2 protein chains.
Amino acid sequence: MHDVGLAVGVSAITVSRALYSPERVSDTLRSKILEAVDRLGYVPNRSARALASARSQTVLVLIPSLTNTVFIDTLAGIEDVLRPAGYQMLIGNTHYSAGEEMQLLRAYLEHQPDGVLVTGLSQPPEFAQTLERQGIPAVYMMDLTADGRRCVGFSQEDAGEAITRHLLERGRRRIAFMGAQLDERVLKRLDGYRKALRAAGRYDAALEDLDPAPSTMQMGADALTRLLQAHPDCDAVFCCNDDLAIGALAACQRLGLAVPQRMAIAGFNDLQPAGWVTPPLTTVATPRYRIGTEAARLLLASIAGEADAVTCHDLGFTVMPRASS
Amino acid sequence: MHDVGLAVGVSAITVSRALYSPERVSDTLRSKILEAVDRLGYVPNRSARALASARSQTVLVLIPSLTNTVFIDTLAGIEDVLRPAGYQMLIGNTHYSAGEEMQLLRAYLEHQPDGVLVTGLSQPPEFAQTLERQGIPAVYMMDLTADGRRCVGFSQEDAGEAITRHLLERGRRRIAFMGAQLDERVLKRLDGYRKALRAAGRYDAALEDLDPAPSTMQMGADALTRLLQAHPDCDAVFCCNDDLAIGALAACQRLGLAVPQRMAIAGFNDLQPAGWVTPPLTTVATPRYRIGTEAARLLLASIAGEADAVTCHDLGFTVMPRASS
DNA sequence: CATTTTCATGTTAGCGCTAACATTTCAGGT
DNA sequence: ACCTGAAATGTTAGCGCTAACATGAAAATG
């Protein structure tokens, strides 16, 4: 910065201002400075800037997985808001582990992020305390809470309930639940499923197939086969995500079971393939991209110190009835 | 750091050493310091550390897309090597745009990354020059080159040629090419396709369907329909990726064309759904995860200043013949 | 027991930048 | 010509940390 200044005949601080507070430097001088910056190939040092200004212009984003389209879509939304605002994202992959999440928070806190975006609400109390102590605002994504934390999402439980009710309305009587990963969101969908079935007097715990391993299509196929062996009267299954559902669909085809006549299948998320398999998959469309944009906007407002009237944004969900049910 | 030192009765530098050069502090003192760090909730400031030490312990990763599983898998490989080595990733999404790539490089250079991992080889000369000038080592991923740049990947052209030859060997005579996005890798696969067909005396430019828009399954379906209308004698199609291929497959089913009897379909990448659609998709399996790990390892070696004998790692590919051909 | 070597810890200075205050310049009014 | 105040630019100090050298204490050596 000093060298650029020398080249133009001004002091370093004027170069700094030309770059970051353009209105404080006269137009002629500023264009001369920018030209010199370009000519000399000067690259500002963000560490020094962060150190001197106590603002990193960086936001930490913690998501459970990079291989799950759901979070990638959310990330895209976040980026589309943060980038234009001059913020950079630090992406931390928690691998669905609370321990790793805490560890990542610690590690990334060293970057002094101006804010944090987190997936889910079930962090250990230590998590919020750490952020509190550092005075870093956070927004929680994907789900809702009434405990005062800022959040953007939809009710996972209501969504689980809604899709189960859809299956009931289509005349299904023995509706199974297929769950993998068993993170908090899946468990809340399971709660919704139970609520709907209990209300209809049709709940049977034996019809729940839960596997803590990450979901794959193979797992969906295996689980469906197992389920039908144990419960031949089962006539529908709500899979906690589309991957499992597509695997289940393939298994039905392999077993020669007509979908939806003999077996109805519902997924969750409405990923691209859901509309493409045959028969097209009934599922719940979730506003992933918008969760990203809204969460990022809410966070930026918090960083700017704007006290927001609404701390909890419910973006809803949509049951997508298709041929698989 | 000074406060932690005060709490234990040592100077700040000893705290620094206890954290980052443990062998230089006696065991008893170190454990006392670490205890105080924990008790006081001290979080080191990475900016200050980077500024003082001139090393950021950060690697910049530039990939064209976050929604493409191919790059996510590569990212996972990179992370698995970089994290244990104490490096953090900065992920830049170039959206397949050379302009954005250059812009991202500029922006992220402000973090003074210790190294850069880039997808592809076709950056403007300015790109390599900028890195050169800053003395930052780079590794290029996904493809191969003989121009001396460090790279880890496989020959996109050979892979395109191999899968096309596979279709020829299965007796196909009018083999179309379906391409989207048209980034350098797709164009190289196209080159391989042309090479194979020309060698067999069966090349026909009219059978190439190229669309610069990002690929979707819908696009694959549309392109196949269009292709068959214009060229009813077409009996096979090599799609530049699995998404297009799955869309094409669905279109065939919709049109009542038997796959593979009437129409053979081949994809590229061997993503999870390729083995799950019916019929299972013939495709080319690519070593995405390993490209990530090997590229990261090569970069770390370069950062450490180890002159590597091999600058170009060819990890190969595998044609996966399945029922769709 | 003096001398050397090793190990553990401390002191000083500075990384590149910006906040806060200080100074200069200049347009506009008297 | 002088004054005033706003706009443009400069000076000083310090953000939190570590490199490099300095010191002191303990261990090894003859």
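The values are calculated or read from the model by the stated rules, or taken from the named source; none is laboratory data. Here the structure is a predicted model, which means the values were calculated and not measured. Positions of Cβ are generated from backbone atoms using ideal geometry, with glycine treated the same way; all protein chains shown enter the neighbour counts. With ligands, DNA and RNA removed, areas are computed over all heavy atoms of the protein, side chains included. Shrake-Rupley method; radii C 1.70, N 1.55, O 1.52, S 1.80 Å.
Remark on segment A:205-324: ratio of C-alpha radius of gyration to 2.2 N^0.38 Å is 1.35. Centroid-to-centroid, using Cα positions, segment A:30-60 and segment B:6-26 are 32 Å apart. Surface composition of the protein assembly as shown: carbon and sulfur make up 51 percent of the accessible area, probe 1.4 Å. Computed with a 1.4 Å probe over protein heavy atoms only, the accessible surface of chain B comes to 41 Å² per residue.
Let me confirm one metric for peptide A:80-90, namely the mean number of other chain beta-carbon atoms within 10 Å of its residues' beta-carbons. Display every interim value, and only then the final one.
Details: counts 0, 0, 0, 3, 0, 0, 1, 0, 7, 4, 5.
For this peptide, the per-residue mean of nearby foreign Cβ atoms is 2.
In whole percents, the pair-distance distribution calculated for segment A:63-116 from its alpha-carbon pairs, binned every 5 Å from zero, is 4, 18, 25, 24, 22, 6, 1. The amide H of B:Phe177, built 1.01 Å from its N in the peptide plane, has B:Glu208, B:Asp209, B:Phe238 as neighbours under 5 Å, considering only residues 5 or more places off or on other chains.
Just round it to a whole percent: the fraction of Cα-Cα distances in segment B:131-250 exceeding 21 Å.
Values: 3028 of 7140 pairs.
Roughly 42 percent, rounded to a whole number.
Heavy atoms of chains A and B lose about 4000 Å² of accessible surface on contact, summed over both sides with a 1.4 Å probe.
Averaging sequence separations of C-alpha pairs under 8 Å and six or more residues apart, then dividing by the length of segment A:2-44, give the relative contact order as a whole percent.
Details: 32 pairs, mean separation 16.3, N = 43.
It rounds to 38 percent for segment A:2-44.
Residue order by solvent-accessible surface for B:Leu210, B:Leu167 is B:Leu210, B:Leu167, largest first, with ligands and nucleic acids left out and a 1.4 Å probe. At a threshold of 20 Å², the residues of segment A:58-74 that become less accessible to a 1.4 Å probe in the full protein assembly than in their chain on its own are A:Leu66, A:Thr67, A:Ile72.
Run lengths n ≥ 4 of DSSP H only: what is the helix-derived mean residue ellipticity at 222 nm for chain B, with -39500 (n - 2.57) per run over all residues, to the nearest 500? Please report the intermediate quantities before stating the final value.
Values: 12 runs with 148 residues, N = 325.
So the calculated ellipticity at 222 nm is -14000 deg cm²/dmol.
Provide the net charge surrounding A:Gly292, with neighbours chosen by a C-beta distance below 15 Å and charges set as Lys +1, Arg +1, Asp -1, Glu -1. After counting each charged neighbour, the total is 0.
Between helix B:217-230 and chain B there is an angle of about 20 degrees, using the helix long axis and the longest principal axis of the Cα atoms. Scoring A:5-18, A:255-268 by mean Cβ neighbours within 10 Å over their residues and listing the highest first yields A:255-268, A:5-18. Once a ≥ b ≥ c are taken as the square roots of the eigenvalues of the Cα gyration tensor of segment A:220-262, is the result rounded (a/c under 1.5), prolate (a/b larger than b/c) or oblate (a/b not larger than b/c)? In terms of gyration-tensor shape, rounded. Taking a ≥ b ≥ c as the square roots of the eigenvalues of the Cα gyration tensor, segment B:2-44 is classed as rounded, since a/c falls below 1.5.
Using Cα-Cα distances under 8 Å and only pairs 6 or more residues apart, what relative contact order does chain A have, in percent?
On the way: 594 pairs, mean separation 55.8, N = 325.
Normalised by residue count, the contact order of chain A is 17 percent.
Only Cα sites of chain A enter the Debye sum here, all with the same form factor; the resulting log10 I(q)/I(0) across q = 0.11, 0.12 1/Å is -0.75, -0.84, listed in q order.
So, R0 is 56 Å and r is the distance between the beta-carbons of B:Val319 and B:Ala12; what FRET efficiency does that work out to, to 0.05? All intermediate terms of the calculation are to be shown ahead of the outcome.
Working: r = 60 Å, r/R0 = 1.07.
Plugging the Cβ-Cβ distance into 1/(1 + (r/R0)^6) gives 0.40.
Cross-link partners of B:Lys188 among lysines, defined as those whose alpha carbon lies under 17 angstrom from its own and excluding same-chain residues fewer than eight positions apart, are absent.
Taking each residue of A:112-119 in turn, how many C-beta atoms of other protein chains fall within 10 Å of its C-beta, and what is the average? List each step's numbers first, then the result.
On the way: counts 5, 0, 0, 0, 0, 0, 0, 0.
Average per residue, whole number: 1.
Taking the longest Cα principal axis of chain B as reference, the axis of helix B:184-199 is set at about 30 degrees. Model label points for B:Asp191 and B:Gln103, set 7 angstrom from Cα along the Cα-to-Cβ axis, are 2.8 nm apart. Extension gain for B:His231 to B:Arg170 (0.36 nm times residue separation, less C-alpha to C-alpha distance): 20.0 nm. Per residue, the convex hull spanned by the Cα atoms of segment A:42-87 amounts to 103 cubic angstrom.
Spatially, segment B:94-130 and segment B:294-325 are offset by 20 Å when compared through their Cα centroids.
When you count, for each residue, the other Cβ atoms within 10 Å and take the mean per peptide, how do B:211-220, B:301-310, B:62-71 rank with the highest first?
Details: B:211-220: 17.9, B:301-310: 11.2, B:62-71: 20.9.
Output ranking for B:211-220, B:301-310, B:62-71: B:62-71, B:211-220, B:301-310.
P(r) for the protein assembly as shown, from all Cα pairs and a bin width of 10 Å, is 3, 14, 21, 24, 20, 12, 5, 1, 0 %, short bins first.
Quick check: net charge around B:Thr278, other residues with Cβ under 11 Å of its Cβ, Lys/Arg +1 and Asp/Glu -1?
Numbers: positive: A:Arg254, B:Arg322; negative: none.
Result for the local shell: +2.
Expressed per residue, the C-alpha convex hull volume of segment B:26-131 stands at 138 Å³.
Nearest 10 degrees is fine. How inclined is helix A:242-255 to the longest principal axis of chain A, computing both from alpha carbons? On a 0 to 90 degree scale, this one is about 30. For A:Arg46, the shell of other residues with beta-carbons less than 15 Å away shows a net charge of +2, using +1 for Lys and Arg and -1 for Asp and Glu.
Among the residues of A:47-53, the average count of other protein chain beta-carbon atoms within 10 Å of the residue beta-carbon is 6.
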